[in-house]
Amino acid sequence: MSAAYLRLVAAVARNGVIGHANRLPWRLPSDLQHFRRLTWGKPMVMGRRTFESIGRVLPGRISFVVTHRRSGWPAGVVAGELEPILARAAAEAARLGIGEVIIAGGAEIYAQTIGRAERLNITEVDLEVSGDAVFPAIDPAYWREEARSPPQRGQNDSAAFALVEYARRTTDD
């Protein structure tokens, strides 16, 4: 099996906001189901604040948390600095026979990993909201849109959204 690649998964408002005060600025249960399908059974890397905002280890996934704090984490969490965490998550993906590692936030982790990611799964939230966390710009010189769902809005969703998948451009593009 070849090395695992990075897939960034994020919900992003029209103005690039992904969070405010360590919370999502919307309620999208339909997108959370999509997130679960994308991430189930895969190693998932996130920053400390993102993990703390979730408040628990998500079932069916191994949580790799980027932090300087090494101890005091719940069972099922592997914690450390970015480079060792990425290496450990890739080793876990290889052990499981999975070709990818999920990057699940937050803004700093996305900014540090988008340059090496192969895929992006972006939920484009049809809102402009204020916030203190922003997703890095998706530069069309580096990213090609591969799939887009029509806008949707579930009964309990606070906004409409589209699911968009991007692939890193190659020299053949």
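The values are calculated or read from the model by the stated rules, or taken from the named source; none is laboratory data. Here the structure is a predicted model, which is why all the values come from computation and not from measurement. Cβ atoms come from the backbone with ideal geometry, glycine included; neighbour counts cover every protein chain shown.
Which one of these is surrounded by fewer than 16 Cβ atoms within 10 Å (Cβ to Cβ) and either among the hydrophobic types (A, V, I, L, M, F, W, C) or more than 15 Å from LEU6 (Cα to Cα) (or both): ARG36, ARG116?
Only one candidate qualifies: ARG36.
How do the helices (runs of 4 or more DSSP H) wholly within segment 32-114 filter down when requiring 1 or more residues that are more than 13 Å from the chain's Cα centre (by Cα): which remain?
48-54, 82-96
Return yes when PRO25 is in a loop (DSSP other than H, G, I, E, B), of a type outside the set (A, V, I, L, M, F, W, C) and in contact (Cβ under 8 Å) with a residue 24 or more places away in the chain and no when it is not.
It is true that PRO25 is in a loop (DSSP other than H, G, I, E, B), of a type outside the set (A, V, I, L, M, F, W, C) and in contact (Cβ under 8 Å) with a residue 24 or more places away in the chain.
What pairs come up if the first residue lies in segment 129-157 and is part of a strand (DSSP E or B), the second is exposed (fewer than 13 other Cβ atoms within 10 Å of the Cβ), and their beta carbons are under 7 Å apart, counting only those six or more places apart or on different chains?
ARG144/ASP173
Of everything in segment 1-16, what is over 14 Å from the mean Cα position of the chain (by Cα) and either assigned to a strand (DSSP E or B) or among the charged types (D, E, K, R) (or both)? Give them in sequence order.
Answer for segment 1-16, where residues must be over 14 Å from the mean Cα position of the chain (by Cα) and either assigned to a strand (DSSP E or B) or among the charged types (D, E, K, R) (or both): ALA13, ARG14.
State all residues of segment 120-137 that are farther than 20 Å from ARG23 by Cα and surrounded by fewer than 17 Cβ atoms within 10 Å (Cβ to Cβ); if no residue qualifies, say none.
Filtering segment 120-137 for residues farther than 20 Å from ARG23 by Cα gives 120, 137.
Listed by number, the list holds a single entry, ALA137.
Taking the condition at pLDDT below 95 and in contact with a strand residue (DSSP E or B) (Cβ under 6 Å, 6 or more places away or on another chain), does ILE122 pass?
Working: at pLDDT below 95: no; in contact with a strand residue (DSSP E or B) (Cβ under 6 Å, 6 or more places away or on another chain): yes.
When the stated conditions are applied, ILE122 does not pass them.
Which condition breaks for ARG168 when tested against (1) under 18 Å from GLY16 (Cβ atoms); (2) touching a residue at least 12 places away in the same chain (Cβ under 8 Å)?
It is condition (1) that ARG168 fails.
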